[in-house]
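Right, one structure below, let's go through it.
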Amino acid sequence: MRIFADSACDLPKSFFKDNDVTLFPLRVLIDDNEYDDILSIDPKDVYNAIRNGKQPKTSQVSPELFLENWQQLASSGEEGIYIAFSSELSGTHDTAVMTSKQVKETDPDTTLIIIDSKCASLGYGLLVKEAVRLRDNGESLQDIEKKIRFMAEHMEHLFTVEDLDYMARGGRVSKTSAFIGGLLNIKPLLHVEAGKLVPIEKHRGRKKVLRRMTELMAERGDHLADQTIAISHADDENIALELKALADELFRPKSIEIHMIGSTIGAHTGPGTVAIFFLNKLP
């Protein structure tokens, strides 16, 4: 069985090779130079570019790359599952579906399941890691699909950004809101709802917003002590460790994983972002 994932899952490059997962890189454009996320650009380069006043752009996985991999899958006779970045945040999922239909027209016996995760960053990454675990344990494709769809439906994302100016450059908040937020040290708290980024609260100062994130975890999380929780950060490991310490103290989860937010998502959120991911319902 082959597992496919794209770079918006924010898992490290080594993960894909070590776990036999095929990577579909989204693309990042800086100063007319295009890069394959994870493969040919480091997230720190993106964050440094943003700090220097540049606004990187991103684009979805190329249709040609999808077609090539679906045709190889069809030829091999293997089963495949692709867990995709939220269709509300990228056209990647829809392109994958479109190209898979092309291949199935000529090879109708191709077995490929494509899941719209409605997730981003390590919320999405946790789904990919679970799919690998289930495959390695010998679970069937149908059981893996069922369990991953359940996780996707119940994955919580809570995150805050360091500087609203970065999101204003990308058109995600108004420049006026960013200016006022900067003066007042306002930190927005956002989550993901049906695959979309949704602001839910504003707090003054980093410590208050981190504390509020853990309060919401207590309200929304299901048996957090039995979960693996993930934290991603945009080139600010200290804030990730600060949030980890709070979560450890309050919930004593099974484990907490920390990784950097990759180039694709980081290009839109800017440096200093921190996010935490957990399930609101266990299977």
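With the highest mean first, a sort of the peptides 242-253, 272-283 on other beta-carbon atoms found within 10 angstrom per residue produces 272-283, 242-253.
Sorting the segments 60-71, 114-125, 78-89 by their mean number of nearby beta carbons within 10 angstrom, highest to lowest, gives 114-125, 78-89, 60-71. Helices assigned as whole DSSP H runs in the chain whose Cα atoms extend at least 15 Å along their own long axis and whose mean Kyte-Doolittle hydropathy is 0.0 or higher are found at 121-136, 237-251.
Using C-alpha pairs below 8 Å separated by at least 6 residues, the relative contact order for region 54-102 is 45 percent. Element breakdown for region 9-83 at a 1.4 angstrom probe: carbon and sulfur atoms account for 43% of the accessible area. Heavy-atom accessible surface of the chain, averaged per residue, reaches 46 Å², computed with a 1.4 Å probe. Taken as Cα centroids, region 85-129 and region 28-57 sit 25 Å apart, rounded to the nearest whole angstrom.
Working ranking of peptides 15-28, 226-239, 97-110 by packing, defined as the average number of other Cβ atoms within 10 Å per residue, highest first, is 226-239, 15-28, 97-110.
The values are calculated or read from the model by the stated rules, or taken from the named source; none is laboratory data. Because the structure is a prediction, the values reported are computed rather than measured. All Cβ positions, glycine included, derive from the backbone under ideal geometry; neighbour counts span all protein chains shown. We work out accessible area using only protein heavy atoms, side chains counted, and drop any ligands, DNA or RNA first. Shrake-Rupley method; radii C 1.70, N 1.55, O 1.52, S 1.80 Å.
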